[in-house]
């Protein structure tokens, strides 16, 4: 059995003792499989996305249950239900996902679980893949009284995932495995452990006294969870947190990926400094930290984002070693992520030793070289149905003052030039509520733009609210490309597939919206005439009561591209007829498809417009928007 | 297995295959017994933005940081010319080789400012102060002409890096990695690799 699996997936399901390069998120997935996980639920969110993607791919072969749930709260509850029934479960989300799940989070921690339960939460300092805020999940653990393990690299991510299941089950409390982007997306050679056979079925033991947390039982549960944290620290505070020995009266305390930067910086400077590497960061390992700082004169705390550990070190130092100088955020930033260029100079300063690289000077020189190089902002892919939909909206609303209430998904790219059609983006589904508030408090016209996956995730209550409370509701445009595209094409309730690849009857957005009281119109996202006509019609009804929803349907062109490649059929390509082209620039400056090239010999010259047939995905929309009818399909291939 | 660390930076435009190229090289470096480190960023940057991937290999004792320290890259493979300029902060005169695939992706945002795409001579001039050597390779053009699709350009770049002896991985190992990672269309990929090897040899 095991051998077969390792043949089919040599890297991810390799045998015990083998070493392979794994992404941090893949290592977490492997750790869960080694721990015998029986159920996995998730709503995709980068930087955690490859945890569920890997576990989805392997679910049938290994034999555990996997699902993409409609949102993080639901996925958390699905996982908790399994854990209550004695089945080990994992739920993965990005940092904001935890906000959505948090309603159920604290009560489940109070009443406890039976099977081990791990919540993978990936923070995103620097906002590589999230735009809303640099939220620090470690405060959540403290607020909800849930233990946190923080790996610093993929190998440790695998080990700590297993450990989290173990301790979670031992103390009947869910665990947070907290990563950051550079742990989740780091690659490292990882040594694999033994795969434990998954237990996929358990039994829910009725215990209403325990699971209904009402007072006075509530206070009892509160006391219990506090005691659990004390016990966990007592048993694992020293075991899981390690000291890297070194010389001198100055020590460093590290968490997460910061540890790796510190180690490499010290190595470059040829220094051996004592490091306390924290992995079980909550409950605070008070005794472990006390012992480490007791005989030190100076300690530097290196942690990304907020000074969570630093504050605790300061508190502990008051009793243990009030003379000690604690450095941290006085030398290191709270915002953004760390890297060698941030850590190395701090080490040089503290230990008075120089490597001799002047990063600032080098950076200035590099910036000088960058002069005249055009910036490359993210754009809609060639053939994206969202570009087409935004273009039609621009045609209808023109220069009128309209508030574009944006949401979270690929369509956020509408915020960039030349569209600039997103006035704000706050959180999943927030476009509906915010649009409503602005609508009520002003006389301005509002257009809500939201995607299909986000619609199912959290827009439904907002649309019901329009039916409930609104007189004149704004136009709600649903960008329906059939998948959760931005995070890697995961299925959602409207896709027609489950996370394990089973076919289901898809929920139809138009039917759901109608049931919520909306007037619904469907349009083909790849047909400009139809889109503009239908948008105009709905706009004219803006004074009528109730929400109006336009579902703009067009398959994500990357999915289409893949389908055609699999079939071996080439997509049709488009070309610009140079005789007809009047060089108006609509295709590049207003429509802005990356497959259309605008070339000039030197700045200021008259450009030549061509379509890069290698990039063109044949959506045909440029041929519809060209005012001179200069763009036509090439022969061959299918549309 | 090396006792040192080789720091490779791959850069290009999202959707160009930067990640896959990174996965292939990672596989080959691993198969030669190296310890692997690095970063593969996924997310927003995929959609037509700039996207760097770091591949670090060699001794386990020396690889800790997932990212390469600025000024420290041994080799930068730029799958797009202006992305090479954006990568110079990772390069330095004494150490770094920069190989460029001469196939521009005009940034849409650039179009809007009536800016001309910089010439390859201009790009080379900008990069030279940061590199020991700069090589320009017509990878995508050759891929399009000889193999009918620019997707094979990235494999030509890998071939050129090995052919010019700038990427310390054996060709046989790389061929195996190509077969393992991209089994579909492997014949064309191997052809692309051979073309790249030859183009790389000519660079010196």
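Count of segment A:540-573 residues, restricted to those that are over 28 Å from residue A:487 (Cβ atoms) and outside any loop (DSSP other than H, G, I, E, B), is 3. Would segment A:477-499 turn up any residue that is in contact with a helix residue (DSSP H, G or I) (Cβ under 6 Å, 6 or more places away or on another chain), outside the structural domain of residue A:100 (by TED's automatic domain parsing) and farther than 18 Å from residue A:43 by Cα? Yes; the residues of segment A:477-499 include at least one that is in contact with a helix residue (DSSP H, G or I) (Cβ under 6 Å, 6 or more places away or on another chain), outside the structural domain of residue A:100 (by TED's automatic domain parsing) and farther than 18 Å from residue A:43 by Cα. There is no residue in segment A:376-384 that is away from chain B (no Cβ under 12 Å) and modelled with pLDDT of 95 or more. Per this entry, residue B:137 is counted among residues that are crowded, with 24+ Cβ neighbours inside 10 Å and modelled with pLDDT of 95 or more.
The number of residues in segment A:432-469 that are under 22 Å from residue A:492 (Cα atoms) and not in a helix (DSSP H, G or I) comes to 4. May I ask you to verify whether residue A:538 is farther than 29 Å from residue A:617 by Cα, at pLDDT 95 or above and more than 31 Å from the chain's Cα centre (by Cα)? Answer is yes for this residue. Inclusion of residue B:178 among residues that are surrounded by 17 or more Cβ atoms within 10 Å (Cβ to Cβ) and modelled with pLDDT of 95 or more is warranted. Checking the structure you have, find out if any residue of segment A:428-443 is in the same structural domain as residue A:507 (by TED's automatic domain parsing) and under 22 Å from residue A:625 (Cα atoms). Among the residues of segment A:428-443, not one is in the same structural domain as residue A:507 (by TED's automatic domain parsing) and under 22 Å from residue A:625 (Cα atoms), which makes the answer no. Against the test of being outside any strand (DSSP E or B), modelled with pLDDT of 95 or more, under 17 Å from residue A:122 (Cα atoms) and in contact with a strand residue (DSSP E or B) (Cβ under 9 Å, 6 or more places away or on another chain), the options A:80, A:56, A:92, A:101 yield a single qualifying residue, A:101. The residue list A:581, A:622 contains one member that is assigned to a helix (DSSP H, G or I) and in contact (Cβ under 8 Å) with a residue 24 or more places away in the chain, which is A:622. When you look at residue A:277, is it over 29 Å from the mean Cα position of the chain (by Cα), closer than 25 Å to residue A:145 by Cα and either within 14 Å of chain B (Cβ to nearest Cβ) or surrounded by fewer than 17 Cβ atoms within 10 Å (Cβ to Cβ) (or both), yes or no? No: the conditions fail for residue A:277.
Restricted to segment A:70-93, and to residues there that are touching a helix residue (DSSP H, G or I) at 6+ places or on another chain (Cβ under 7 Å) and surrounded by fewer than 24 Cβ atoms within 10 Å (Cβ to Cβ), the residue that is farthest from residue A:181 (Cα to Cα) is A:77. So which helices (runs of 4 or more DSSP H) are wholly in segment A:336-423 and hold at least 2 residues that are in contact (Cβ under 8 Å) with a residue 60 or more places away in the chain, more than 26 Å from residue A:462 (Cβ to Cβ) and assigned by TED's automatic domain parsing to the domain that holds residue A:254? So the answer is A:340-351.
All conditions in (1) within 12 Å of chain B (Cβ to nearest Cβ); (2) surrounded by fewer than 17 Cβ atoms within 10 Å (Cβ to Cβ); (3) under 30 Å from residue A:226 (Cα atoms) hold for residue A:267, with the sole exception of (3). Selection over segment A:586-608 of residues that are within 11 Å of chain B (Cβ to nearest Cβ), touching a strand residue (DSSP E or B) at 6+ places or on another chain (Cβ under 7 Å) and either closer than 22 Å to residue A:391 by Cα or in a strand (DSSP E or B) (or both) gives a count of 7.
The values are calculated or read from the model by the stated rules, or taken from the named source; none is laboratory data. The model shown is predicted, which means the values in this text are computed figures rather than measured ones. Note that each Cβ is placed from the backbone with ideal geometry, even for glycine, and that neighbours are counted across all protein chains shown.
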